[in-house]
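**Q** Please see the structure below; I have some questions.
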Amino acid sequence: MFLEWRVADGERELHARGRWRAESATELSRAVAEVELEGPAAVLDADGIETLDLTGAWFLRRLEERLTQSGTPFRWRGARPEALEFAATLLAAGPAAAHEGSERRHEEALGALGRWTVQRGGQARDELEFLGRILFVIGGAFRRPRSLRFKSVIRHVYETGIEAVPIVALIALLISVIIAYIGAQELRQFGGEVFVVDLVTISVLRELGVLLTAVIVAGRSGSAFAAEIGVMQLNDEVDALRAIGLNVVEVLVVPRLLGLIIALPLLTIVADAMGLAGGAVMSWLAFDIPFNQFLVRMQEAMAPTTFWAGLLKAPVFAFVIAMIGTFRGLQVRDSSRELGRLTTVAVVESIFMVLLVDAVFAVIYWELDF
Amino acid sequence: MAATAPADPAVSVRGIVNRFGTQVVHAGLDMEVRRGEIFGIVGGAGSGKSVLLRTILGLQVPRAGTVSIGGRDLTELRGAELRALKRSYGVTFQHGALFSSLTVAENVQLPLVEACRLPDEVLAGLAELKIRLVGLAPDAAGKYPAQLSGGMVKRAALARALALDPPLLLLDEPTSGLDPIAASAFDELLLYLHRSLRLTVVMITHDLDTIYRTCARVGVIVDGRMISDSLEGIVHNPHPWIQEYFHGPRGRSASEATHQDAGVVRSPGRQ
């Protein structure tokens, strides 16, 4: 409907008609792409165009280009439309656009591996340097306690600890109920239902309490650290801190780290307590083990180290989560997509690292018979 | 040029009231922008210039009053009609508001991609045209916003605003944060686009040089209302704030500079 061939007085005429405007770009694009071009000389006629904007003019120019490419001589009836003249002038001026991406070469596998290794190596070095800077600030705090910024630490204890209590408590309760239920079903076959108390006590105190808490905190606070610092990075706030002469690690990283190191063990105690409570309630409701019997059995099941074996891991997990979250946050550069990517990386990496560190703890405890 | 008092204004704002808590920003503000003119909006900090722009864009729902663009009441339109209306104007925000995860070319293509179905080469070609139109070098197309200078960001934002060839442009402080050379190059670019694309431009600005260079009429927001007049008329308005604005030390020097090189039309600068 926008382009039409006519034959008049022995000449082929290509009539452009209608509203050549941006809002019909889809149809214009199709019309220009589909019009039959092969043949003898053509006369272009723009008299039928009602309105022509710059987008429309670009399509007229594309039509001209296609005619030239297909070797069809053409001329305009009357003057070339003004907007087309304007678009052509714009596109003719200056150098042509460099078409990037078209020559992106296929990278050889070996090259990719090498690049990956170098990147990983650089990143490992950066992480080590970051760790060093954290330890340097903490070490310096022995001489200058003010540099620990207690106000800020307390804020982070509140945000990462107190505010997480409900969700941590709920999840610990649910998980111990599940363990008690499934465990008792299996143990019933041997008539050893009462050992459900041992199962709940040991699994919650040694592993599940601290591990689940750490995973929840990695999701809640690891992401918050990365996003908070990442946005500050995008707003040049981090550069502003540096320009004022403040140590970014001291102001942004260490308070979060200390806050979490204080909060995570406390949350773990909450999770332990809720887990045991859940096990006790479940044992009573489902298997008729009264509370006082649960308590006695629990004390027998616990070695002196059971509780501490779990709790000792909490500050280490906290260190890992806070360090990864803040490190990724400081890596954010230039764009909102980077912010999202690095926040995701922070959470995934800190959950992974928590599990890895937990495995290392398991081996060490085994060796030490702890 | 603009006809005198046409029956059909490009933008018409009637009796706008905006209030935040107890703070009254607009108390029955009227504004009328004629087709084909460059209209400047000025006002002190906190006088509600940006709120007015947000109201015109439909981002802020006023307590009372109507906004119509091209004769259509913004507040009464829904769905597809509202979307069509929103494509009839281009906007630039004060800090550019380019999408930071997209290149300049992708930023310019975004409105096209959303509005039409076009093959990649057509999109690339149209983006190149708009990028050249605002005086950016074609190799800026592949850059990300973080790699651009302040002046280039403003130009790229303008290219995105012009992606669908709207007849109306709304600009929020287009020359703020630019050095005087880049700012005056932007003024020339605006005049050039206004001439060659026959645009209507509504522009919030604090830049007196820009006002003297480009605006045919000016609206001043004082006490929650707008006093609008031709540039010549507004300069002689007796309102004390307007007197202070145009005849303070900065106003005088900008006015003198304009009278010296009045009539000189430079070609738009390239950046």
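The values are calculated or read from the model by the stated rules, or taken from the named source; none is laboratory data. Just so it is clear, the model here is predicted, and its values are computed rather than measured. Cβ placement follows ideal geometry from the backbone for every residue including glycine, while neighbour counts extend to all protein chains displayed. Protein only, heavy atoms only, side chains kept; ligands, DNA and RNA dropped before computing areas. Shrake-Rupley method; radii C 1.70, N 1.55, O 1.52, S 1.80 Å.
**Q** Can you list the strands (runs of 3 or more DSSP E) lying wholly within the range B:181-236 that have 2 or more residues being among the small types (Gly, Ala, Ser)?
**A** B:225-230
**Q** If only one of A:Gly18, A:Gly39 is part of a strand (DSSP E or B) and over 12 Å from A:Arg75 (Cα atoms), which one is it?
**A** One residue alone meets the criteria, A:Gly18.
**Q** From (1) over 30 Å from B:Gln147 (Cβ atoms); (2) modelled with pLDDT under 85; (3) open to solvent by 50 Å² or more (accessible area, probe 1.4 Å), pick out the condition that doesn't hold for B:Pro240.
**A** For B:Pro240, the failing item is (2).
**Q** Quick check on B:Ser184: is it of a type in the set (Ser, Thr, Tyr), more than 11 Å from chain A (Cβ to nearest Cβ), more than 27 Å from B:Gln243 (Cβ to Cβ) and over 12 Å from the mean Cα position of the chain (by Cα)?
**A** Here the answer is no, as B:Ser184 does not meet what is asked.
**Q** Which of the residues that make up the range A:197-231 are without any contact (Cβ under 8 Å) to a residue 40 or more places away in the chain and under 12 Å from A:Thr326 (Cα atoms)?
**A** none
**Q** Could you tell me which residue of the range A:320-349 is most open to solvent (accessible area, probe 1.4 Å), considering only residues that are more than 14 Å from chain B (Cβ to nearest Cβ) and out of contact with any Ser or Thr (no Cβ under 9 Å at 6 or more places or on another chain)?
**A** A:Val348
**Q** With the requirement that a residue be of a type in the set (Asp, Glu) and farther than 18 Å from B:His236 by Cα, what does the range B:191-223 give you?
**A** B:Asp207, B:Asp223
**Q** Within the range B:96-118, can one find any residue that is within 20 Å of B:Gly48 (Cα to Cα), surrounded by 18 or more Cβ atoms within 10 Å (Cβ to Cβ) and not aromatic (Phe, Trp, Tyr)?
**A** So far as the range B:96-118 goes, yes, one or more of its residues are within 20 Å of B:Gly48 (Cα to Cα), surrounded by 18 or more Cβ atoms within 10 Å (Cβ to Cβ) and not aromatic (Phe, Trp, Tyr).
**Q** Shifting gears a bit: State which residue is farthest from B:Leu170 (Cα to Cα) when the search covers only the range B:68-84 and only residues that are in a loop (DSSP other than H, G, I, E, B) and in contact (Cβ under 8 Å) with a residue 40 or more places away in the chain.
**A** Checking each candidate, the answer is B:Gly71.
**Q** Same structure again: Which numbered condition in (1) buried (at least 17 other Cβ atoms within 10 Å of the Cβ); (2) within 9 Å of chain A (Cβ to nearest Cβ); (3) more than 25 Å from A:Asp334 (Cα to Cα) is the only one that B:Tyr144 fails?
**A** Here B:Tyr144 clears every test but (3).
**Q** I would also like to ask the following. Can you tell me which residues in the range B:186-195 are surrounded by fewer than 22 Cβ atoms within 10 Å (Cβ to Cβ) and in contact (Cβ under 8 Å) with a residue 40 or more places away in the chain?
**A** If the condition is that a residue be surrounded by fewer than 22 Cβ atoms within 10 Å (Cβ to Cβ) and in contact (Cβ under 8 Å) with a residue 40 or more places away in the chain, then B:Glu188, B:Leu191, B:Tyr192, B:Leu193, B:His194 are the ones that fit.
**Q** Considering only residues that are among the aliphatic types (A, V, I, L, M) and assigned to a loop (DSSP other than H, G, I, E, B), look in the range B:161-178 and name the one that is nearest to the other protein chains (Cβ to nearest Cβ).
**A** Across the range B:161-178, the extreme among qualifying residues is B:Leu164.
**Q** Taking B:Val113 as the residue in question, decide whether it is within 9 Å of chain A (Cβ to nearest Cβ) and in a helix (DSSP H, G or I).
**A** Judged against the criteria, B:Val113 is not a match.
**Q** In the list B:Gly58, B:Gly135, B:Gly96, B:Gly125, which residue meets the criterion of being farther than 27 Å from A:Gly340 by Cα, of a type outside the set (Phe, Trp, Tyr), within 14 Å of another protein chain (Cβ to nearest Cβ) and in contact (Cβ under 8 Å) with a residue 24 or more places away in the chain?
**A** The conditions single out B:Gly135.
**Q** I need every pair where a residue in the range A:27-56 that is open to solvent by 10 Å² or more (accessible area, probe 1.4 Å) has its Cβ under 6 Å from the Cβ of a residue that is of a type in the set (Phe, Trp, Tyr) and not in a helix (DSSP H, G or I), sequence separation at least 6 or different chains.
**A** Between residues of the range A:27-56 that are open to solvent by 10 Å² or more (accessible area, probe 1.4 Å) and residues that are of a type in the set (Phe, Trp, Tyr) and not in a helix (DSSP H, G or I), the close pairs are A:Ala31/A:Phe2; A:Ile49/A:Trp20; A:Leu52/A:Trp20.
**Q** Would you check if there is a residue in the range A:14-28 being away from chain B (no Cβ under 14 Å) and out of contact with any strand residue (DSSP E or B) (no Cβ under 7 Å at 6 or more places or on another chain)?
**A** No; the residues of the range A:14-28 include none that is away from chain B (no Cβ under 14 Å) and out of contact with any strand residue (DSSP E or B) (no Cβ under 7 Å at 6 or more places or on another chain).
**Q** Inspect the range A:317-331 for any residue being hydrophobic (A, V, I, L, M, F, W, C) and not in a helix (DSSP H, G or I) and give the result as yes or no.
**A** Checking the range A:317-331: not a single residue is hydrophobic (A, V, I, L, M, F, W, C) and not in a helix (DSSP H, G or I).
For every residue, the table says whether it meets (1) more than 10 Å from every other protein chain (Cβ to nearest Cβ); (2) open to solvent by 10 Å² or more (accessible area, probe 1.4 Å).
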{"residue": "B:Glu121", "(1), (2)": "no, yes"}
{"residue": "B:Pro180", "(1), (2)": "yes, yes"}
{"residue": "B:Val201", "(1), (2)": "yes, no"}
{"residue": "B:Arg217", "(1), (2)": "yes, yes"}
